[in-house]
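Let me begin by presenting the structure, written as structure tokens, before commenting on it.
The values are calculated or read from the model by the stated rules, or taken from the named source; none is laboratory data. Nothing here was measured: the structure is a model prediction, and the numbers come from that model. Counting neighbours? That spans all protein chains shown, and the Cβs are built from the backbone with ideal geometry, glycine included.
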Amino acid sequence: MSGNTFGTIFKLSTFGESHGIALGAIIDGCPPNIPLTTEDIQDELDRRKPGQSRYVTQRKEDDAVEILSGVFEGKTTGTPIGLIIKNKDQKSKDYEDIKDKFRPGHADYTYQQKYGIRDYRGGGRASARETAMRVAGGAIAKKILATLGISISAGVVQIGEIRANKVSISEGAKNDFNFVDLEKISELETFFQALNKEQDSVGAKILVRVAGLMPGVGSPVFSKLDAELAKAMMSVNAVKAVEIGAGTSVVEMKGSENRDLMVKAGFLSNNSGGIIGGISNGEDIDLYVSLKPTSSISQKTTTVNKDNEEVDLQVKGRHDPCVGLRAVPILEAMAALTILDQYLLDKGQCFNIERS
């Protein structure tokens with residue numbers, strides 16, 4: 001299987017399956033002498049791990065990370081960093097009834113068609129559990145970026161038809177929905193109670209913000225910074241759309257409204273989302289990422305099996321009614337990995353450029 005490595009200089013390679021022995025990652029290209037402990041990584045993993053509220057999957061995993069290599073006396077050595085998280089709460093028997101059936105909306109069918117074999121236990125490699133190692137790698141990238149004054153944060157701005165009227169990303173950490181508008185929490189609680197009774201799921205939109213990135217990072221043409229960030233976001237399970245800055249609303253704008261005018265003090269607006277010509281302009285980079293509803297719901301339905309026979313299907317197991325709730329640290333991680341890699345690429349090419 002190819003496609004398990006992300007990045008050009010700061011590289012993350014991951015391995016492992018949802019119900020396998022463990023999940024693991026190798027990080028190559030990490031600068032040396034960066035203070036790093038398991039706690040630095042664990043703090044981010046704890047934001048993602050399952051079972052933290054009644055609104056997410058009740059699978060109980062500690063997601064306790066171990067650093068296997070690349071760190072000595074509390075600092076990175078510049079050599080590959082090995083990370084591992086052991087799985088503890090697998091219930092593979094929940095998937096015995098569907099091992100020969102293709103779940104609608106899942107990668108079951110496409111994995112079978114591509115490889116001629118698949119791990120049906122919780123989706124195997126296609127499971128969102130794989131993203132735990134992205135969060136672990138992203139935690140390291142975040143720590144390095146912080147030394148440069150660059151921060152990355154995210155919060156849910158929409159769940160179903162419930163939209164935030166005001167956006168305060170810091171408010172997201174104060175509720176079970178990671179929602180940026182606390183005035184909507186009561187409405188969301190009522191909505192999820194009904195959703196659970198219906199045995200259904202719902203989608204979400206997340207705002208990811210990169211703040212403090214200096215102008216000049218990114219490359220034009222085929223490797224635009226917005227293109228690299230969009231690829232990173234789209235690589236996350238369930239993501240179906242990415243908008244940057246004003247996003248799809250640019251369709252309704254005139255050029256006189258959309259262009260970001262400049263004065264001595266800087267830009268008067270940020271419809272470009274902090275990126276012009278594929279290169280950062282020093283403004284906040286705002287990404288809006290839309291995730292589809294969870295495909296695994298317990299409502300009975302029909303599907304086909306490996307013999308192309310129509311069969312009944314009822315999915316068991318423990319699943320998120322809204323994958324967007326736990327996707328916040330995952331998307332932050334992918335943004336961090338991208339920005340750090342692009343920063344290192346920029347320094348490699350333009351090390352002798354002085355910027356104001």
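Failed condition for Leu182, given (1) of a type in the set (A, V, I, L, M); (2) out of contact with any Ser or Thr (no Cβ under 6 Å at 6 or more places or on another chain); (3) touching a residue at least 60 places away in the same chain (Cβ under 8 Å), with all others met?
Against the list (1) of a type in the set (A, V, I, L, M); (2) out of contact with any Ser or Thr (no Cβ under 6 Å at 6 or more places or on another chain); (3) touching a residue at least 60 places away in the same chain (Cβ under 8 Å), Leu182 comes up short only on (3).
Is there any pair linking a residue in segment 103-123 that is farther than 18 Å from Val311 by Cβ to one that is crowded, with 16+ Cβ neighbours inside 10 Å and hydrophobic (A, V, I, L, M, F, W, C), with Cβ under 6 Å and at least six apart or on different chains, and which?
From segment 103-123, the pairs are Ala107/Ala126.
Would a scan of segment 300-320 turn up a residue that is on the phi > 0 side of the Ramachandran plot, loosely packed, with under 14 Cβ neighbours inside 10 Å and assigned to a loop (DSSP other than H, G, I, E, B)? Can you show your working first?
So the first thing to find is which residues in segment 300-320 are on the phi > 0 side of the Ramachandran plot, and the list is 308, 317.
Pick out the ones that are also loosely packed, with under 14 Cβ neighbours inside 10 Å and you get 308.
The next check asks that each one be assigned to a loop (DSSP other than H, G, I, E, B); those that pass are 308.
Checked segment 300-320: at least one residue is on the phi > 0 side of the Ramachandran plot, loosely packed, with under 14 Cβ neighbours inside 10 Å and assigned to a loop (DSSP other than H, G, I, E, B).
Yes or no: segment 85-105 includes at least one residue that is part of a helix (DSSP H, G or I), among the small types (Gly, Ala, Ser) and under 30 Å from Asp346 (Cβ atoms). Walk me through it before giving the result.
Let us first name the residues in segment 85-105 that are part of a helix (DSSP H, G or I), namely 92-98.
Add one more test, that the residue is among the small types (Gly, Ala, Ser), and what stays is 92.
In the following step, the residues that additionally are under 30 Å from Asp346 (Cβ atoms) were identified as none.
Looking for residues that are part of a helix (DSSP H, G or I), among the small types (Gly, Ala, Ser) and under 30 Å from Asp346 (Cβ atoms), one finds none in segment 85-105, hence no.
Based on what the data block shows, is Asp286 among the acidic types (Asp, Glu), under 21 Å from Arg103 (Cβ atoms) and surrounded by 18 or more Cβ atoms within 10 Å (Cβ to Cβ)? Please lay out each step first, then the result.
On the way: among the acidic types (Asp, Glu): yes; under 21 Å from Arg103 (Cβ atoms): no; surrounded by 18 or more Cβ atoms within 10 Å (Cβ to Cβ): yes.
So Asp286 fails the test.
Please find, within segment 62-84, the residue that is modelled with the highest pLDDT out of those that are closer than 24 Å to Gly122 by Cβ and in a loop (DSSP other than H, G, I, E, B).
Ala64
Find the residue count for segment 133-160, including only residues that are assigned to a strand (DSSP E or B) and of a type in the set (A, V, I, L, M).
Step one: of segment 133-160, the residues assigned to a strand (DSSP E or B) are 151-159.
Pick out the ones that are also of a type in the set (A, V, I, L, M) and you get 152, 154, 156-157, 159.
Counting residues in segment 133-160 that are assigned to a strand (DSSP E or B) and of a type in the set (A, V, I, L, M) gives 5.
Taking interchain pairs and intrachain pairs at least six residues apart, which have beta carbon atoms under 6 angstrom, with the first residue in segment 156-169 and farther than 15 Å from Ala327 by Cα and free of Cβ contacts under 8 Å to residues at least 40 places away in the same chain and the second part of a loop (DSSP other than H, G, I, E, B) and aliphatic (A, V, I, L, M)?
Final answer for the pair search is Ala164/Val180; Ser168/Val180.
On the given criteria, is Glu243 of a type in the set (D, E, K, R), part of a strand (DSSP E or B) and within 27 Å of Ile150 (Cβ to Cβ)?
yes
Just checking, which of Ser151, Ser168, Ser127 is hydroxyl-bearing (Ser, Thr, Tyr) and touching a Ser or Thr at 6+ places or on another chain (Cβ under 7 Å)?
Working: Ser151 fails: touching a Ser or Thr at 6+ places or on another chain (Cβ under 7 Å); Ser168 fails: touching a Ser or Thr at 6+ places or on another chain (Cβ under 7 Å).
One residue alone meets the criteria, Ser127.
Write out, first by first residue and then by second, each pair whose Cβ atoms fall under 6 Å of each other, whose residues are 6+ apart or on separate chains, and whose first residue, in segment 251-265, is among the polar types (S, T, N, Q) while the second is not in a loop (DSSP other than H, G, I, E, B).
Final answer for the pair search is Asn258/Val250.
For residues in segment 5-15 being assigned to a strand (DSSP E or B) and touching a helix residue (DSSP H, G or I) at 6+ places or on another chain (Cβ under 7 Å), which is farthest from Gly348 (Cα to Cα)?
Thr14
Does Pro329 qualify as being part of a loop (DSSP other than H, G, I, E, B), within 26 Å of Gln158 (Cβ to Cβ) and of a type outside the set (Phe, Trp, Tyr)? Steps first, answer last, please.
Details: part of a loop (DSSP other than H, G, I, E, B): no; within 26 Å of Gln158 (Cβ to Cβ): yes; of a type outside the set (Phe, Trp, Tyr): yes.
Taking the combined requirement at face value, the residue does not satisfy it.
Here is a check on your reading of the model: is Val202 farther than 30 Å from Lys300 by Cβ and not charged (D, E, K, R)? Reasoning before the result, please.
On the way: farther than 30 Å from Lys300 by Cβ: no; not charged (D, E, K, R): yes.
Judged against the criteria, Val202 is not a match.
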